[in-house]
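S.K.: Here it is: the structure, laid out below.
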Amino acid sequence: MFREFFGFREKPFGKTPNPAYLYESPHHREALARLEYAIEEKELALLYGDVGSGKTTLSRALIDRIAGARPVILIINPTLSPAQLLRSIASGFGLTPKHHRADLLDQIYSKLYELYEERREPVLIIDEAQLIPKKATFEEIRLLTNFQLDDENLLSIVLIGQPELKERLSHKAYRALRQRIGIQYSLRSLSEEETAHYVNHRIRVAGGSVNPFTMEAMSAMFRCSEGIPRVINTLATTALLDAYGDESSTIDAGRILAAAREHGLDGGQG
Ligand SMILES: Nc1ncnc2c1ncn2[C@@H]1O[C@H](COP(=O)(O)OP(=O)(O)OP(=O)(O)O)[C@@H](O)[C@H]1O
Ligand SMILES: [Mg+2]
């Protein structure tokens, strides 16, 4: 296996959003800090970022940091009607959701109040929020921010989505929701230098003591991936497998360009 060949304990460029591999680029670190702050302040927070830029990974890292102190409800498939959203929240609290909306809201409010008294205010995280089908569901999210006591929110809400979410929420129809947003942050792709740090970091976490990629290879990875971590992972894995096949312990830019072509990416010429 290529793992043994390169001296890795695990596959360094896996596809899953595993927070153990989190590389804290300045943007990722800032995003995490802002989300933590928003949760402390019980604000509504929004995190945007391109496909594959690390939003879900960040949400998992965030959960690791806060879940000891607060219950977290994570919704990863938010193609939900308002009623389905409320039911998911009730289930997330371990309750059996009531049938009628008013009862359901009462049920959720009682739970929020109970957690507030225990000083364990919960966090609702909705990933892939660009998939929320209708404005009515966003309206329900807005109404959840009305659960307050003495002017204090009882629930922190984090919405995470691709850039089209930002575009959508900028329309007039979403003005009321927009006014509730305390914190928003757009995650950026990695710079060339950060791409090299990212590659080094993942290799180290995977137990590798030598980085087989040359500097030129990492530059090529940056150009072909435009600094998007998921694409970097794909290129790196393909190049590692390819080099293993040739029993080559270093990986040069040529292998990255070949991997890019294999995946139909612009070979980094531009
Ligand atoms: N800061 C990071 N540190 C380590 N790995 C990262 C980082 N950012 C992204 N990755 C890796 O890149 C891949 C894509 O990340 P992730 O799934 O978090 O992106 P996403 O923004 O949620 O994408 P999508 O819009 O498709 O949901 C994962 O394999 C993840 O491990
Ligand atoms: Mg994601």
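S.K.: Mind checking which pairs have a first residue in region 11-25 that is hydroxyl-bearing (Ser, Thr, Tyr) and a second that is away from ligand 2 (no atom under 13 Å from the Cβ), Cβ under 6 Å, 6 or more apart or different chains?
M.R.: Between residues of region 11-25 that are hydroxyl-bearing (Ser, Thr, Tyr) and residues that are away from ligand 2 (no atom under 13 Å from the Cβ), the close pairs are Tyr21/Arg202; Tyr21/Val205; Tyr23/Tyr198; Tyr23/His201; Ser25/Leu190; Ser25/Glu194.
S.K.: Name the residues in region 167-193 that are within 16 Å of ligand 1 (Cβ to nearest atom) and farther than 21 Å from Glu41 by Cβ, would you?
M.R.: Matches in region 167-193: Glu167, Arg168, Arg188, Ser189, Leu190, Ser191, Glu192, Glu193.
S.K.: Can you tell me how many residues in region 123-157 are within 13 Å of ligand 2 (Cβ to nearest atom) and in contact with a Ser or Thr (Cβ under 8 Å, 6 or more places away or on another chain)?
M.R.: Result for region 123-157: 3.
S.K.: Scan region 58-74 and tell me whether some residue there is among the polar types (S, T, N, Q), touching a residue at least 12 places away in the same chain (Cβ under 8 Å), touching a helix residue (DSSP H, G or I) at 6+ places or on another chain (Cβ under 9 Å) and buried (at least 18 other Cβ atoms within 10 Å of the Cβ).
M.R.: yes
S.K.: Follow-up. Across region 231-251, what is the number of residues that are surrounded by fewer than 17 Cβ atoms within 10 Å (Cβ to Cβ) and either assigned to a loop (DSSP other than H, G, I, E, B) or within 30 Å of the chain's Cα centre (by Cα) (or both)?
M.R.: 6
S.K.: Here is a follow-up. Do we find that Pro12 is assigned to a loop (DSSP other than H, G, I, E, B), touching a Gly at 6+ places or on another chain (Cβ under 8 Å) and surrounded by 19 or more Cβ atoms within 10 Å (Cβ to Cβ) in this structure?
M.R.: yes
S.K.: Looking at Leu85, Leu62, which one is in contact with a Ser or Thr (Cβ under 6 Å, 6 or more places away or on another chain) and not β-branched (Val, Ile, Thr)?
M.R.: None of the others qualify; the one that does is Leu85.
S.K.: Still on this model: Could you list, in sequence order, the residues of region 63-94 that are under 15 Å from Glu140 (Cα atoms) and hydrophobic (A, V, I, L, M, F, W, C)?
M.R.: Ile75, Leu80, Ala83, Leu85, Leu86, Ile89, Ala90
S.K.: Would you confirm, using the coordinates I've provided, whether Leu32 is within 16 Å of ligand 2 (Cβ to nearest atom), at pLDDT 95 or above and either buried (at least 17 other Cβ atoms within 10 Å of the Cβ) or assigned to a strand (DSSP E or B) (or both)?
M.R.: Considered against the rule, which asks whether it is within 16 Å of ligand 2 (Cβ to nearest atom), at pLDDT 95 or above and either buried (at least 17 other Cβ atoms within 10 Å of the Cβ) or assigned to a strand (DSSP E or B) (or both), Leu32 comes out as yes.
The values are calculated or read from the model by the stated rules, or taken from the named source; none is laboratory data. Note that the structure is predicted; figures quoted are calculated from it, not measured. Backbone-built Cβ (ideal geometry, glycine too); neighbour counts: all protein chains shown.
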